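Enquirer: The structure that follows is given in the form of structure tokens.
The values are calculated or read from the model by the stated rules, or taken from the named source; none is laboratory data. All of these numbers come straight from a predicted model, not from anything done at the bench. Don't worry about glycine lacking a Cβ; one is built from the backbone with ideal geometry, like all the others, and counts go over all protein chains shown.
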Amino acid sequence: MRKSWVARVASVVLSAGFAFSAHAQQEIKIGVLYPLTGPGASVGAELRSALELAADIINNGAPGIAQLPFSAGKGLPNLKGAKIKLVFADHQANPQTGATEAERLITQEKVVALVGAYNSAVTATASQIAERAGIPFLNPESSSASLTARNFKWFFRTTPHDDLFVNNAFEFLKELEARKGIKAGVVASLNENGLWGTETTKLQAKLALEYKQNLAKQIVYPAKTTQLTSEVQTLKAANPNLVLQSSYTADAILSMKTYKELGFSPDMILANNAGFTDTDFIKTLGKDAEYVITREVWALDLANRNPLIKQVNDLFNSRYKINFTGNSSRTFTGMMVMADAINRAGSTEPEAIRKALVATDIAGNKLIMPWKGVKFDATGQNTLGQGILVQIIDGKYNTVWPFNMASREVTWPMPKWDQRK
């Protein structure tokens, strides 16, 4: 009898304890899909750091940065202080792996939402899994325009997409000629052949006609290639003044090394972000990275307009010994937007989170991005984002466009390889 009574009491205590913990600081599991190994591992590591910083701020606070949402560090107030738990998955820049990992996160890890996946081709497959499962998927970085043209109900993207970014490049060229008398001349493009690069190639061809730019040659190369000799020889033969380029990290670095080896030296390389803004780009190439212009969404020199940029970057740098990039700053922002939606939902039910995402309206002064804010349209696209262009000078990314936001003048043309100090 005594044993039975003790067992019953223990059962009641355990049940009460479970009930208490469930109502106290529960963990909210968010699945995050990024390239943590393989050719995208370097950028994946930075994105992971950005996610971990965002979760730590939400859970434990960021003293002295009151303007940043959740900086008080009390978890999600509307869920009784619930803490964010990130569940990482490595998609290795492989679309099929991304889909498989998305399914695992949903069915086995029981995440309430997904954030990812950097590579547009992986975002496409992984978000299809989330759509079928009825799980919110927030994409902070992938820029293929088609991602928000699929009539998906559960997909949301905070970054602007390539329709804006590629337009920015041509608008810059137009203003460069009008304001500074610098003409682009003969233009060629070199893009990877994944979803992102393929869509960019088509858009560049369309906009070149509209903006009356002489796009003489378009070259695509296999994603994850280990050599670009033939492509660069073809580029060199076309003799362009300007190269428009869309490459991930390994091939962005490889292309620059190949340009130098083969003596290909155009007036300018105007890149479409990705590998050209990865920390490893400047770290690996050193002075050979100088003078490249790339589209961006973030730059540290914009802190004079928004002090929050420097405050949060200082926190990031003190912890990881690197500065934010356009990639990692967008990932950080994406996680903060997802946490904001879950908190406003006051629930971990997918439909409640989805409705909260639909109703998102975050002011620009609460972001570390130079955006007007975050507000989604009917396709799930943030309508308040914008792009900038930066140029690498003295090992740093300097804002050069829009001209009214520029921290320094554009250097054009790039010095030839043998003229660089």
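Enquirer: Tally up the residues in the stretch 126-157 that are modelled with pLDDT of 95 or more and not in a loop (DSSP other than H, G, I, E, B), please.
Expert: Of the residues in that region, 16 qualify.
Enquirer: Can you go through LEU384, LEU389 and tell me which one is in a loop (DSSP other than H, G, I, E, B), within 25 Å of LEU51 (Cα to Cα) and of a type outside the set (Val, Ile, Thr)?
Expert: LEU384 is the lone residue from the list that is in a loop (DSSP other than H, G, I, E, B), within 25 Å of LEU51 (Cα to Cα) and of a type outside the set (Val, Ile, Thr).
Enquirer: Continuing with this model, one more query. Mind listing whichever residues of the stretch 126-145 are surrounded by 20 or more Cβ atoms within 10 Å (Cβ to Cβ) and either more than 24 Å from PHE165 (Cβ to Cβ) or polar (S, T, N, Q) (or both)?
Expert: SER127, ILE129, ALA130, ILE135, PRO136, ASN139, SER142, SER143, SER144
Matching residues to (1) of a type outside the set (Lys, Arg); (2) touching a Lys or Arg at 6+ places or on another chain (Cβ under 9 Å); (3) under 25 Å from ASP162 (Cβ atoms); (4) not assigned by TED's automatic domain parsing to the domain that holds ASN273:
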site	(1), (2), (3), (4)
LEU308	yes, yes, no, yes
ASN313	yes, no, no, yes
TYR320	yes, no, no, yes
ASN327	yes, no, yes, yes
MET335	yes, no, yes, yes
MET338	yes, no, yes, yes
SER347	yes, no, no, yes
GLU351	yes, no, no, yes
THR379	yes, yes, yes, yes
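Enquirer: (1) among the hydrophobic types (A, V, I, L, M, F, W, C); (2) under 14 Å from ASN139 (Cβ atoms); (3) surrounded by fewer than 22 Cβ atoms within 10 Å (Cβ to Cβ): which one isn't true of MET338, the others all being true?
Expert: Condition (3) is where MET338 drops out.
Enquirer: What number of residues in the stretch 172-216 are part of a helix (DSSP H, G or I), in contact (Cβ under 8 Å) with a residue 24 or more places away in the chain and among the acidic types (Asp, Glu)?
Expert: Residues that pass the stated criteria total 3.
Quick grid of which residues meet (1) within 22 Å of the chain's Cα centre (by Cα); (2) farther than 21 Å from VAL410 by Cβ:
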position	(1), (2)
THR200	yes, yes
TYR211	no, no
LEU228	no, yes
THR234	no, yes
SER255	yes, yes
GLY263	no, yes
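Enquirer: Of the residues THR100, THR123, which single one is surrounded by fewer than 24 Cβ atoms within 10 Å (Cβ to Cβ), part of a helix (DSSP H, G or I) and of a type in the set (Ser, Thr, Tyr)?
Expert: Going through THR100, THR123 in turn, just one is surrounded by fewer than 24 Cβ atoms within 10 Å (Cβ to Cβ), part of a helix (DSSP H, G or I) and of a type in the set (Ser, Thr, Tyr): THR100.
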